[in-house]
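Here is the structure we will look at, set down as structure tokens.
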Amino acid sequence: MQPRLQPELPPRQVAAFVLKAVALALAVATIVLGALRIVSIETLMLLLAVGLLALAVAAILDTRIITQRYVQMQPPPIPRQRRKKRR
């Protein structure tokens, strides 16, 4: 029996996944710390800002770069609309 090989993810996808996890963890930490009233509002805003930054960087890493192959492709044809028959 041969071992099953796991598909290898590109580093960009791994980094994007980690950044999304960080953003989620910071959002949860903000909610918990805010509910317990342990930290100040400024600290909560800082946590949310860092989480939003991580989410923005993850979104940038998820985008695909347009290459010449995509630029040269033609858009699909627009279907013609049928005219209504006059009576």
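The values are calculated or read from the model by the stated rules, or taken from the named source; none is laboratory data. Given the structure is predicted, the values throughout are model-derived calculations rather than measurements. FYI the Cβ positions are ideal-geometry reconstructions off the backbone, even for glycines, and counts take in every protein chain you see.
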Exercise. Just wondering, is there one or more residues in the stretch 39-48 that are over 17 Å from the mean Cα position of the chain (by Cα) and touching a residue at least 12 places away in the same chain (Cβ under 8 Å)?
Worked result: yes
Practice prompt. Determine if the stretch 21-36 includes at least one residue that is at pLDDT below 95 and hydrophobic (A, V, I, L, M, F, W, C).
Written response: no
Practice problem: Determine, yes or no, whether Val57 is part of a helix (DSSP H, G or I), under 16 Å from the mean Cα position of the chain (by Cα) and surrounded by 14 or more Cβ atoms within 10 Å (Cβ to Cβ). | Solution: yes
Residues in the stretch 18-38 that are surrounded by 14 or more Cβ atoms within 10 Å (Cβ to Cβ) and within 25 Å of the chain's Cα centre (by Cα) total 8
Filtering the stretch 19-45 down to residues that are in a helix (DSSP H, G or I), of a type in the set (Val, Ile, Thr) and touching a helix residue (DSSP H, G or I) at 6+ places or on another chain (Cβ under 8 Å) yields Val22, Thr30, Thr43
